[in-house]
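Encoded as structure tokens, the structure appears first; notes follow it.
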Amino acid sequence: MTDQPLVQMRGIVKKFGGVTALGGVDLTAYAGEVLAIVGDNGAGKSTLIKVLTGVYQSTEGEILLNGARLEMGSHSDAIAEGIDAVYQTLALADHLTPAANMFLGSELTRNMLGIRVLDNKLMKSEATRVLDERLGVRLRSMDVPTDSLSGGQRQAIAIARAVYHADLRVLVMDEPTAALGPQETARTLKLIKTLRTQGLAVILISHSLDDVFEVADRVHVQRRGRGVGVVKTAESSVQEVLGMIVGAQDAAA
Amino acid sequence: MSDMTANDKTIMARIEPYISIIGPMVMILAILLFMGVTEPTRYFRTSNLTLILLDAALYMPMAMAMTFVITQRGIDLSIGSIAALSGILMAFLIKQYDFPAWIAVPIAITLGALMGLINGLVITRLKVPDLIGTLAMDLVYRGLALVIAKGLVLARFPDLVTDIGRGTIPGFIPIPVVIGLFTMGLGYWALTQTHFGRYTISIGSSPEASEMTGVAVDRHKIYAYVLMGACAALAGVMLTGKLNAIQATSAPYFNLHVIAAVVVGGTSLFGGRASIVGSLSGVLLLSMMINALVTLRIEFFWQSVASGVVIVSSVALYAWMQRKDRDGTQGLMVKLRSKEAQKLIRLSAFIIGALILLLVLGAGLATEAA
């Protein structure tokens, strides 16, 4: 972890009509750390990361990447800056192979008699390489449909897609373990730790404080559209964070 | 337990690519065996086999295109009318306006592509569900064909048109078979090697995932309908050439026949699973079956019954195989004993009982009157 923040969100306000979803939120993430965002339903977690990934444009406030102000009009602008997200649904087409899914929407091509056609062989070898080198995942076969894989392997493919395509610096993961069993959850958390060692800033949204305390370095707590505090997991406890989430830390003290 | 399912899945995954042709292949073998026993001389005559191939060739381009449409979770019911309308327009260009055949044929196919484009726009831009949209456009195209041709039968076309429909490369196979197999090959290439094929599967597999990863879902749906329209028009040209005649009411059942062939071939109506080889074997199966019925001198009207039974049984077979690898098999008797099954059994018994009662009553009254 370096002292220069990789991403800074400053005074982010997001209004939908008359409803204020975010009322001036600050968020800082460093390279090589896992930052968890926790909070109750409706606390503004999803809105916050959608602003960060360019899906929403904030009403007020600014986003800095390595100290430079970003202007993002869409999600693809964010991807171009090296900010991508893996959604809970993973956005995988179940009938396609892992490689086809990894390159879905930006296939590698080769030239055949002047026509751009898919380079299935290259995509397969690249997918195998990225899964192995970056995520330490080896599939028994790369030729099976994606829906025959386990939850953790599917997660790995969705992550591999983000890792391959951008010069990825910030990866947002929205509830990656929500639909997984204990074993698959452990594997996914291991993937997150692997990404951290590669110098990425991983921003993890999770309802599971156990998972958060296992992988995250710091926790950003959202409540009712505002950031109510940031704690280091090493210096805090599940009870303290829980208290911040429900707004009872004063009463508890 | 989890190990067991993982194992099952890999076995399923291993045979998955072949599933699509196992069904039709088994049925084709059954037909061959049956005809080999009952009518070997008449069924396996070269002239009869050529007849089967000629019949199948007509449906090959459409089955190829329909594979893409269905894989994207779409359907096109307007292909018979597109074939008829394009054939009629080509006939008018040739007979009334003295267009040379070599330009009238590509015009017909382009018109088919245009009709497919209209279908695609109706579905993606006007948001009319494909079933209703193409059913309505079927009425439009058929109506236009009737408006233009009235009751006329347009006949006698230049050699190019009849060659496309029934010509033979000397010492080789019929030209329509060459065209049909060529379009199938093109379809296979497009499905496996192009963006269009890849996105066809992803759109059918998960429209949301495709949208999220930046696939132009609507545009690729339109591509499929354009391909479908062009292939239907090609079939219209082939049909015109085969019969050396065309009228507005030609090709009434193209849609159901082609959908049947594709579905029998293992392409999933629920999207995402495509098989061009399966569609080819589906087309062959239906042509062989219909020819077998003719050879056995079974009344023409039974064809419709047989086609329906083949469709239902093959779709049910695929659905069953899909279920088996998802949540394991359950004994038939266990299912029959469940509350839901009991209710359905009672409903069936009630309907059949009422029918028997009414029949008995009717028969009684009939004898009384006599």
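Yes or no: B:ALA233 assigned to a helix (DSSP H, G or I), modelled with pLDDT of 95 or more, in contact with a Ser or Thr (Cβ under 6 Å, 6 or more places away or on another chain) and more than 11 Å from every other protein chain (Cβ to nearest Cβ)?
Details: assigned to a helix (DSSP H, G or I): yes; modelled with pLDDT of 95 or more: yes; in contact with a Ser or Thr (Cβ under 6 Å, 6 or more places away or on another chain): yes; more than 11 Å from every other protein chain (Cβ to nearest Cβ): yes.
Judged against the criteria, B:ALA233 is a match.
Is it the case that B:VAL128 is outside any helix (DSSP H, G or I), free of Cβ contacts under 8 Å to residues at least 60 places away in the same chain and surrounded by 17 or more Cβ atoms within 10 Å (Cβ to Cβ)? So that I can check it myself, show each step before the final result.
Values: outside any helix (DSSP H, G or I): yes; free of Cβ contacts under 8 Å to residues at least 60 places away in the same chain: yes; surrounded by 17 or more Cβ atoms within 10 Å (Cβ to Cβ): yes.
Yes.
Can you spot a residue in the stretch B:182-205 that is over 17 Å from B:PHE270 (Cα atoms), surrounded by fewer than 24 Cβ atoms within 10 Å (Cβ to Cβ), more than 14 Å from chain A (Cβ to nearest Cβ) and of a type in the set (A, V, I, L, M)?
yes
Would you point out the residue of the stretch B:206-215, among those that are free of Cβ contacts under 8 Å to residues at least 12 places away in the same chain and either more than 9 Å from chain A (Cβ to nearest Cβ) or part of a loop (DSSP other than H, G, I, E, B) (or both), that is farthest from A:LEU90 (Cα to Cα)? Walk me through how you get there before you give the answer.
Taking the stretch B:206-215 as the starting set, the residues that turn out to be free of Cβ contacts under 8 Å to residues at least 12 places away in the same chain are B:208-214.
If we keep only those that are either more than 9 Å from chain A (Cβ to nearest Cβ) or part of a loop (DSSP other than H, G, I, E, B) (or both) too, we end up with B:213-214.
Working: B:THR213: 10, B:GLY214: 14 Å.
Only one residue tops the list, namely B:GLY214.
If you scan the stretch B:43-73, which residues turn out to be farther than 20 Å from B:ALA235 by Cα and in contact (Cβ under 8 Å) with a residue 12 or more places away in the chain?
Result: B:TYR43, B:ASN48, B:THR71, B:GLN72, B:ARG73.
Conditions first: (1) part of a loop (DSSP other than H, G, I, E, B); (2) among the β-branched types (Val, Ile, Thr); (3) in contact with a His (Cβ under 9 Å, 6 or more places away or on another chain). A:THR28 passes all but one, so which condition is the exception?
A:THR28 satisfies every listed condition except (1).
Could you go through the stretch B:17-35 and let me know if any residue there is part of a helix (DSSP H, G or I) and in contact with an Asp or Glu (Cβ under 9 Å, 6 or more places away or on another chain).
Step one: filter the stretch B:17-35 for residues part of a helix (DSSP H, G or I), giving B:17-35.
Restricting the remaining residues to those that are in contact with an Asp or Glu (Cβ under 9 Å, 6 or more places away or on another chain) gives B:17.
Among the residues of the stretch B:17-35, at least one is part of a helix (DSSP H, G or I) and in contact with an Asp or Glu (Cβ under 9 Å, 6 or more places away or on another chain), which makes the answer yes.
Within the stretch A:149-186, how many residues are within 12 Å of chain B (Cβ to nearest Cβ), small (Gly, Ala, Ser) and surrounded by 19 or more Cβ atoms within 10 Å (Cβ to Cβ)?
Qualifying residue count for the region: 2.
Considering only the stretch B:75-90, state which residues are assigned to a loop (DSSP other than H, G, I, E, B) and crowded, with 24+ Cβ neighbours inside 10 Å. I'd like the intermediate steps shown before the answer.
The first filter runs over the stretch B:75-90 and keeps only residues assigned to a loop (DSSP other than H, G, I, E, B), leaving B:75-78.
Within the stretch B:75-90, B:ASP76, B:SER78 qualify.
Looking only at the stretch B:270-317, which residues are in contact with a Leu (Cβ under 9 Å, 6 or more places away or on another chain), part of a helix (DSSP H, G or I) and closer than 20 Å to B:SER205 by Cα?
Residues satisfying the conditions are B:ILE276, B:VAL315.
Which of the residues spanning the stretch A:7-41 are in contact with a helix residue (DSSP H, G or I) (Cβ under 8 Å, 6 or more places away or on another chain) and at positive phi?
Kept after step one, since they are in contact with a helix residue (DSSP H, G or I) (Cβ under 8 Å, 6 or more places away or on another chain), are these residues of the stretch A:7-41: A:7, A:9, A:12, A:14, A:21-22, A:25, A:27, A:32-34, A:36-40.
Result: A:GLY32, A:GLY39.
Hey, can you tell me all the residues within the stretch B:189-222 that are more than 23 Å from the chain's Cα centre (by Cα) and hydrophobic (A, V, I, L, M, F, W, C)?
Scanning the stretch B:189-222 gives B:ALA209, B:MET212, B:VAL215, B:ALA216, B:VAL217.
Given the criterion within 23 Å of B:LEU117 (Cα to Cα) and over 12 Å from the mean Cα position of the chain (by Cα), identify the matching residue among B:GLY236, B:GLY241.
None of the other options fit; the residue is B:GLY236.
Somewhere in the stretch B:18-30, is a residue in contact (Cβ under 8 Å) with a residue 60 or more places away in the chain, closer than 28 Å to B:ALA316 by Cβ and among the aromatic types (Phe, Trp, Tyr)?
no
Quick one: which helices (runs of 4 or more DSSP H) sit completely within the stretch A:133-247 and have at least 1 residues that are in contact (Cβ under 8 Å) with a residue 60 or more places away in the chain and either within 29 Å of A:ASP94 (Cα to Cα) or not β-branched (Val, Ile, Thr) (or both)?
Numbers: elements: A:151-165, A:182-197, A:209-215, A:238-246.
By residue number, A:151-165, A:182-197, A:209-215.
Working only within the stretch A:1-10, note down all residues that are surrounded by fewer than 15 Cβ atoms within 10 Å (Cβ to Cβ) and closer than 15 Å to A:VAL230 by Cβ. Let's see the steps before the verdict.
Step one: list which residues in the stretch A:1-10 are surrounded by fewer than 15 Cβ atoms within 10 Å (Cβ to Cβ), which gives A:1-4.
Passing the criteria: only A:MET1.
Looking only at the stretch A:87-98, how many residues end up being touching a strand residue (DSSP E or B) at 6+ places or on another chain (Cβ under 6 Å) and more than 9 Å from every other protein chain (Cβ to nearest Cβ)?
The qualifying residues number 1.
Quick one: which of B:PRO174, B:PRO106 is free of Cβ contacts under 8 Å to residues at least 12 places away in the same chain and farther than 21 Å from B:ILE75 by Cα?
Working: B:PRO174 fails: free of Cβ contacts under 8 Å to residues at least 12 places away in the same chain.
Step by step, each of B:PRO174, B:PRO106 is checked, and only B:PRO106 is free of Cβ contacts under 8 Å to residues at least 12 places away in the same chain and farther than 21 Å from B:ILE75 by Cα.
Which residues, taken from the stretch A:99-134, are away from chain B (no Cβ under 12 Å) and surrounded by 20 or more Cβ atoms within 10 Å (Cβ to Cβ)?
The answer is A:ALA127, A:VAL130, A:LEU131.
Can you find, within the stretch A:73-86, the residue that is nearest to the other protein chains (Cβ to nearest Cβ) among those that are touching a Gly at 6+ places or on another chain (Cβ under 8 Å) and surrounded by fewer than 17 Cβ atoms within 10 Å (Cβ to Cβ)?
The selected residue is A:SER76.
Take the stretch B:244-272 and flag every residue that is over 14 Å from the mean Cα position of the chain (by Cα) and not hydrophobic (A, V, I, L, M, F, W, C).
Pass one, the stretch B:244-272, residues over 14 Å from the mean Cα position of the chain (by Cα): B:244-250, B:270-272.
If the condition is that a residue be over 14 Å from the mean Cα position of the chain (by Cα) and not hydrophobic (A, V, I, L, M, F, W, C), then B:ASN244, B:GLN247, B:THR249, B:SER250, B:GLY271, B:GLY272 are the ones that fit.
Looking at the stretch B:38-57, can you tell me whether even one residue there is modelled with pLDDT of 85 or more, part of a helix (DSSP H, G or I) and buried (at least 24 other Cβ atoms within 10 Å of the Cβ)?
Checking the stretch B:38-57: at least one residue is modelled with pLDDT of 85 or more, part of a helix (DSSP H, G or I) and buried (at least 24 other Cβ atoms within 10 Å of the Cβ).
I'd like the full set of residues that are crowded, with 22+ Cβ neighbours inside 10 Å and part of a loop (DSSP other than H, G, I, E, B), limited to the stretch B:240-267.
B:ALA248, B:SER250, B:ALA251, B:GLY265, B:GLY266, B:THR267
When residues of the stretch A:11-45 are filtered for being buried (at least 16 other Cβ atoms within 10 Å of the Cβ) and either hydrophobic (A, V, I, L, M, F, W, C) or more than 21 Å from A:LEU195 (Cβ to Cβ) (or both), how many remain?
Within the stretch A:11-45, the first condition is being buried (at least 16 other Cβ atoms within 10 Å of the Cβ), and the residues that meet it are A:12-14, A:20-23, A:25, A:27-39, A:43-45.
Cutting the leftovers down to either hydrophobic (A, V, I, L, M, F, W, C) or more than 21 Å from A:LEU195 (Cβ to Cβ) (or both) gives us A:12-14, A:20-23, A:25, A:27, A:29, A:31, A:34-39, A:43-44.
Total satisfying the criteria: 19.
Taking into account only those residues within the stretch B:216-230 that are part of a helix (DSSP H, G or I) and within 14 Å of another protein chain (Cβ to nearest Cβ), which is farthest from B:LEU58 (Cα to Cα)?
Ranking the qualifying residues of the stretch B:216-230, first place goes to B:VAL217.
Could you give me the residue pairs with C-beta distances under 6 Å whose first residue belongs to the stretch B:77-91 and is closer than 14 Å to B:GLY116 by Cβ, whose second residue is acidic (Asp, Glu) and part of a helix (DSSP H, G or I) wherever it lies, and which are 6+ apart or on separate chains?
B:LEU77/B:ASP138; B:SER78/B:ASP138; B:SER81/B:ASP138
The values are calculated or read from the model by the stated rules, or taken from the named source; none is laboratory data. Just so it is clear, the structure is predicted and the values come from calculations on it, not from any experiment. A quick note on method: Cβ atoms are made from the backbone with ideal geometry, for glycine too, and the neighbour counts reach across all protein chains shown.
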